[in-house]
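Here's the structure, in structure tokens; my notes come after.
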Amino acid sequence: MQLELHQLNLRYERLRKRQPREERGLLVSLSEIGQQLPVVVIQDAPSFILIDGYKRVRALKRLARDTVRATCWQVPESEALLLERGLRRGSEDALDQAWLLAELQERCQWSLEELARRFEHSKSWVSGRLALLQALPASIQEQVRAGAISAHAAMKYLVPLARVNAAAAQTLASALTPLKPTSRQIGALYAGWQAGTERTRELIVQSPQVNLQAQATRETPPPSVTQRFLQDLGALGGIARRAHRTLEGRLLAQLRESELQEVTAAFARANGEVQRLVQRFEVEIRPC
């Protein structure tokens, strides 16, 4: 079925995280080949509640399209939400689950027991997910939805920070937004905050870019003798494989006599060095 975009009720858009890179790719795809998959709606006359397809709808709006191809599920709203969750199970994280649990608890007035039954988990699992929302300030949740901070980093580092110091977590999250840090970088900041003095914590929270720059420029220790030897062996193996592929391309048959003599001499020298290495390795590895 074709629907006008203005007919869609987007009440569950706040339950979805935005992923700018994926949405840019989707925008290009829709522009070049059009909409391939329908969005999912349920009827709520005179409008239709969008259950699945928020990225596609946003992309269509950016392309100034007026309609969207949709399929309408003939199920109650709560069942539609649970069914959609089941279809993308494995791609959701704990924050996705927490947002949906909180929505169903508020909209359907479901108890913890009912939520646990519907999600096929224990009451403690439900309580734990809902506690994430209680610990994580709303401003940080919005940054996660907008794709400015990854859900993984928010759950692993900002939730425990917020439980200790909510104001520090909010200040840090705001400062991180323009930096687009990786989860690893946020983890390093959190570790520094845990181990730091009061002054260090203040600097990390207010100017995380300074700390990240210091980490990036910090001198790394030189590799050990074992690491260098392993690197040399890896390089030697890589060069041998590349040379082997060259020979498979029948290089020798294409050479002039003078070139063939030069290559043969160079190969003999290289082979001699490799044989010396092999012999030395065999001597060193023998038990005393």
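Computed quantities for the displayed model
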item	result
Cross-chain or 6+ apart pairs with Cβ under 8 Å, the stretch 135-156 first and under 17 Å from residue 13 (Cα atoms), then among the polar types (S, T, N, Q) and part of a loop (DSSP other than H, G, I, E, B)	144/150; 147/19
Counted residues, the stretch 246-264 - those being surrounded by 10 or more Cβ atoms within 10 Å (Cβ to Cβ) and either among the aromatic types (Phe, Trp, Tyr) or in a helix (DSSP H, G or I) (or both)	9
Qualifying position, being modelled with pLDDT under 90, more than 27 Å from residue 121 (Cα to Cα) and out of contact with any Ser or Thr (no Cβ under 8 Å at 6 or more places or on another chain), among 43, 19	19
Residues located in the stretch 160-175, provided they are under 20 Å from residue 133 (Cβ atoms) and aliphatic (A, V, I, L, M)	161, 162, 164, 166, 167, 168, 169, 172, 173
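The values are calculated or read from the model by the stated rules, or taken from the named source; none is laboratory data. None of the values given here were measured: they were computed from a predicted structure. Cβ coordinates were reconstructed from backbone atoms using ideal geometry, including for glycine residues, and neighbour counts include every protein chain displayed.
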